[in-house]
Amino acid sequence: MAARPERARRRALSALVFGVIALVWGYNWVVLKQAMREAGPFEFLAWRFGVASACLFGAMVVLGKPLRLTHAPQVLLIGLLQTTATFALITWALVAGAAGKSAVLNYTMPFWVVLFAWPMLGERPPRAQRVAIAIAFAGLVLLVHPGAHAGLPELLALASGVAWALGVVVTKRLQTRERVDTLSLSAWQTLLGGLALVALALAFPSGPMHWSPQLVFAVLYNGVLVGGVCWFLWFWALQTLDAGLASLGILSVPVLGVLFGVVLLGERLSTPEWSGIALIVAALALIVLAAARQR
């Protein structure tokens, strides 16, 4: 009986963690869009993940954790998927695409997670979760202008969601089969994925970066808060919840990305897009109610 209250506490803490992640990641769409005006996408990412790696490995040293890399092939794959591919694609999309729409397409990730997790992890989504997926998917469709031709930014943002989903499933499979330290996993996948981004920056230079106060803030915000603190929290939360529920739990991020884009960047939303936001919020409410009934 003692295990059930403990499980409930961990799920409640996970919900709080997702709230913090959602706010930080939601606002970051504005930060990234502004940063792309003063830096090339790959150069910015190389600096971002260099700072994030320093923060994570510094935390390991302070906490006295061993720095040895374990499960190297799996961690490398996670880094290439969740850091290199995901962030290279979405940041490239932001160069020409709108922040709000890019956020929404990037966060088609939960739908791909459910599809990949079923055959790869054996996580069959319960009925309430399938209904929530359908509602949220309808909301996402409304948010990306039905019938509009998808350009390169939209395709890049969508591909970033697929790469992220694959990274989530590979991470969850590793955590299920092996004893993995969350901080070590976060640090090493960030470093390995970041090194690949450095290679991309050297191969495809975009010119010198203009180190304005705004760009310095963007690098630090992404390196310390987004790439350091929140990625650690993300990997920790994946250990507590199943992959599909964890992914669906942060569907509020693209909603916040859209709202921040409207308020801070002046991006306009149509009636169908507002309807899409309402459907996503409804899907989140259904997920919360379904999770509460399982406790």
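Here is how the numbers come out for the structure above:
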| item | result |
| --- | --- |
| Estimated FRET transfer efficiency when R0 is 30 angstrom, pair L202-V141 (beta carbons, to 0.05) | 0.15 |
| Helical segments meeting 20 Å axial Cα length and Kyte-Doolittle -1.0 threshold in the chain (DSSP H) | 3-35, 41-63, 127-143, 152-177, 182-203, 271-294 |
| Selected from I78, A138, L156, residue furthest toward positive end of dipole (the stretch 64-185; charges at beta carbon) | I78 |
| Whole-percent carbon and sulfur share, accessible surface of the chain, 1.4 Å | 69 percent |
| Average accessible area per residue (Å²) across the chain - probe 1.4 Å, nucleic acids and ligands excluded | 45 Å² |
| Förster-model FRET efficiency, 22 Å R0, L195 and W236, C-beta, rounded to 0.05 | 0.40 |
| Proximal lysines to K33, defined as alpha-carbon separation beneath 21 angstrom and excluding residues fewer than eight positions away on the same chain | K101 |
| Förster-model FRET efficiency, 30 Å R0, A12 and R177, C-beta, rounded to 0.05 | 0.65 |
| Length-normalised contact order of the chain in % [C-alpha pairs under 8 Å, at least 6 apart] | 40 percent |
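The values are calculated or read from the model by the stated rules, or taken from the named source; none is laboratory data. No experiment lies behind these values; they were computed from the predicted model shown. We place every Cβ from the backbone using ideal geometry, glycine too, and count neighbours over all the protein chains shown. Side chains are part of the model used for accessible areas, which takes the heavy atoms of the whole protein and leaves out ligands, DNA and RNA. Shrake-Rupley method; radii C 1.70, N 1.55, O 1.52, S 1.80 Å.
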